[in-house]
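Right, one structure below, let's go through it.
Readers should treat all values here as calculations from the given coordinates under stated rules, not as data from a laboratory. Source: prediction; values computed, not measured. Heads up, the Cβs are rebuilt from the backbone with ideal geometry, glycines too, and the neighbour counts pull from every protein chain shown.
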Amino acid sequence: MKHLLKLGDLSTEEIFGILNLADQLKYERKNGIGHQYLKGKHLGMIFQKSSTRTRVSFEVGMDELGGKALFLSDRDLQIGRGEPIKDTVRVLSRYLDAIMIRTFAQQDVEDLAKYGSIPIINGLTDYCHPCQVLADLMTIREYKGSLKGLKLCFIGDGNNMANSLIVGGIKVGMEVAIACPDNYRPDADICAWAQKNGKLTITSDIEEAARNADVLYTDVWASMGQEGEKKVREAAFAGFCVDARVMAVAKQDAMVLHCLPAHRGEEITDEVFEAHAQEIFDEAENRLHAQKAVLVKLLK
Ligand code: CP
Ligand code: NVA
């Protein structure tokens, strides 16, 4: 594994390798066992969108691994004034050991990998969010014991989260069901790949998708960069909500996950969110462990 650009680039073995290492690093951290595998290594973190979890978990993660993280906002970098990505990465490759980037276009992440000479990690694009889904799979495995054969239901927009959940879920042997409005389906190539390699259902019928699900997952109706579409999206996504009606058709012991930030009263009710807060915040914590595992795999 040279980069983490999208989950589609990883084999099932590589995904489980990251999850196993993440479990080990979590255990070591809880028991005060140091693991400074990345002494002297520097991670640059380029943010072209906001972040709470991704920024803090990568920064703390690098510190715990003995390395350093540099927060690079596009308001300060010359990228914000038009310096091309392909020049920026050739410069940064001379100083840094790896780059994590959160941006809009997946092509920008692919270009960093193409023109740079250090590992690139995707910290979210409009297309996918691989770091989040590694933490999600880790969390599901913690609660359910294993992943194969579980039914994962995602309710909401077919964009970055849905795309990565489909790829990650199918690669580890889960059945994936997506409930979304007809105009907001996940990436067509990802759906075609998933249908060839596993069991994927796409429907606008929320109850059909949620029936007998082991895991219910949702995300905001309007993602970062889509603030101008808020009104249109509120109308399109009305009812695409993890609520008591959805919980009633899922398995009795179904868990609920949310990548966060959450908009209570839109994609999830306050009641369901609070009933599953333990799972949701374990999931947020696991961002730290899963990303530390990615950093060790790429840099050690
Ligand atoms: N889930 C997630 O990526 O959170 P942030 O946007 O806060 O990084
Ligand atoms: N779909 C959301 C995910 C945030 C972690 C967004 O892109 O804003």
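Neighbours of Ala250, meaning other residues whose beta-carbon lies under 15 angstrom from its beta-carbon, give a summed charge of -4 when Lys and Arg score +1 and Asp and Glu score -1. Between Glu234 and Ala188, the contour length at 0.36 nm per residue exceeds the Cα-Cα span by 14.2 nm. Any of Lys171/Lys199; Lys86/Lys171; Lys49/Lys230; Lys148/Lys196 with alpha carbons more than 21 Å apart? Name them for me. Table pairs above 21 Å Cα-Cα are Lys86/Lys171. Name the aspartates and glutamates eligible as straight-distance cross-link partners of Lys144: C-alpha to C-alpha under 19 Å, and not fewer than 8 places from it in the same chain. Reachable aspartates and glutamates: Asp23, Asp136, Glu175, Asp214, Asp253, Glu279, Asp282, Glu283, Glu285. Largest GNM mean-square fluctuation across Lys39, Lys171, Lys26, computed for the chain with C-alpha springs under 10 Å, falls on Lys39. For the chain, complete DSSP H runs whose alpha carbons reach 30 Å or more along their own long axis and whose mean Kyte-Doolittle score is -1.0 or higher are 277-299. In terms of overall dimensions, the C-alpha atoms belonging to region 28-98 reach 46, 27, 14 Å along their principal axes, ordered largest to smallest.
A straight Cα-to-Cα reach below 16 Å connects Lys68 with the lysines Lys39, Lys41, Lys292, Lys300, residues fewer than 8 places away in its own chain not being considered.
Region 166-300 gives an Rg/Rh value of 0.97, both radii derived from C-alpha positions and Rh following Kirkwood. Each Cα pair under 8 Å and six or more residues apart adds its sequence gap; the mean of these over the residue count of the chain is a relative contact order of 21 percent.
Per the Debye formula on identical point scatterers at the alpha carbon atoms of the chain, with no solvent, log10 I(q)/I(0) at q = 0.10, 0.11 Å⁻¹ is -0.52, -0.63.
Magnitude of the charge dipole for the chain, about its Cα centre and with charges confined to Cβ atoms of Lys, Arg (+1) and Asp, Glu (-1), is about 1120 debye. Using C-alpha pairs under 8 Å with a sequence gap of at least 6, the mean separation divided by the residue count of region 1-85 gives a relative contact order of 26 percent. Bridge orientation summary for the chain: considering DSSP beta bridges with both residues in this region, about 0 percent are antiparallel.
Using the Cβ-Cβ distance between Asn31 and Gln252 with R0 = 35 Å, the FRET efficiency computed as 1/(1 + (r/R0)^6) comes to roughly 0.55.
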